[in-house]
Amino acid sequence: MKTIGLIGGMSWESSAEYYRLLNELVRERLGGLHSARCVLYSVDFAEIERLQVAGEWERAGDVLAAAAKGVEAAGADLVLICTNTMHKVADQVRDALSVPLLHLGDATAAAVLRAGVRRVGLLGTAFTMEQDFYRERLAGHGLDVVVPDEAGRALVHRVIYEELCLGVVGEASRAAYQEVIADLVERQGAEGVILGCTEIELLIGAEDSPVPVFPTTRLHAEAAVEAALAEEV
């Protein structure tokens, strides 16, 4: 089994989900007392959030690149950035490594395509929904990506930072997200919805959407376990 390197803490709530999923998936595959070989570097999210708001993405990338070097030095054979938004600096992190970086957007796009979906809604932080770095990565796989209107984007972003990242999971916010999803389906023709922020999976599940949802944390973890358990060719 290869060792999975995790760059986490953005937020630690979602990083805990990564750790749980990786271990459960390995146990499902191998049985018994097996668990995932992994190393975690958990950053201080307050520092990263300040850099996000200030638009200082290169400095944020420096922080994550240093974390990536740390997990590689600790024995990681492949590395995950445990957040959708910070894939904006994925190239910067990849360039700091001599082991593979498993891109969350690629793992997600592969799952969407396997489901036969082409037009897909995207929920995430405002950075993820409004900037090109993530949508273009998905579009590069042949997906047609749509996002909520301005009010919907603001609501989705606010709930992530003011509630989910703080461990607050509220029914009112779940209902509000369901309305945003319904609008993506009814007005924009979305055939599925990407839960493109790792914390959203704490709030929204398959039962909350009229179309398939694609939980990026789980999909990323599944791809990582597949890579970690793959036999060398």
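What the Cα atoms of segment 27-76 give is an Rg and a Dmax of 15.6, 48 Å. In this structure the chain gives 44 Å² per residue of accessible area when probed at 1.4 Å with all protein chains present. A viscosity of 1.306 mPa s and a temperature of 10 °C, combined with the Kirkwood radius over Cα pairs in Stokes-Einstein, give a translational diffusion coefficient for the chain of 89 µm²/s. Each Cα pair under 8 Å and six or more residues apart adds its sequence gap; the mean of these over the residue count of segment 90-153 is a relative contact order of 34 percent. Apolar share of the accessible surface for segment 11-129: 49 percent from carbon plus sulfur atoms, 1.4 Å probe.
Scaling the Cα radius of gyration of segment 9-97 by the globular reference 2.2 N^0.38 Å produces a ratio of 1.17. For the chain, the longest principal axis of the alpha carbon atoms and the long axis of helix 150-162 meet at an angle near 40°. A simple spin-label model places pseudo-atoms 7 Å from Cα toward Cβ; at residue 50 and residue 91 they are separated by 2.8 nm. Peptides 79-88, 96-105, 218-227 ranked from most to least packed give 79-88, 218-227, 96-105, packing being the mean of other C-beta atoms within 10 angstrom over each peptide's residues. For the pair segment 21-83 and segment 103-132, the centres of their Cα atoms are 20 angstrom apart.
For the chain, the longest principal axis of the Cα atoms and the long axis of helix 216-229 meet at an angle of about 20 degrees. Computed from Cα atoms, the angle from the helix 57-73 axis to the main principal axis of the chain rounds to 40 degrees.
The values are calculated or read from the model by the stated rules, or taken from the named source; none is laboratory data. Only a predicted model underlies this, so the values are computations on that prediction, with no experimental measurement involved. A quick note on method: Cβ atoms are made from the backbone with ideal geometry, for glycine too, and the neighbour counts reach across all protein chains shown. For accessibility, only protein heavy atoms count, side chains too; no ligands or nucleic acids. Shrake-Rupley method; radii C 1.70, N 1.55, O 1.52, S 1.80 Å.
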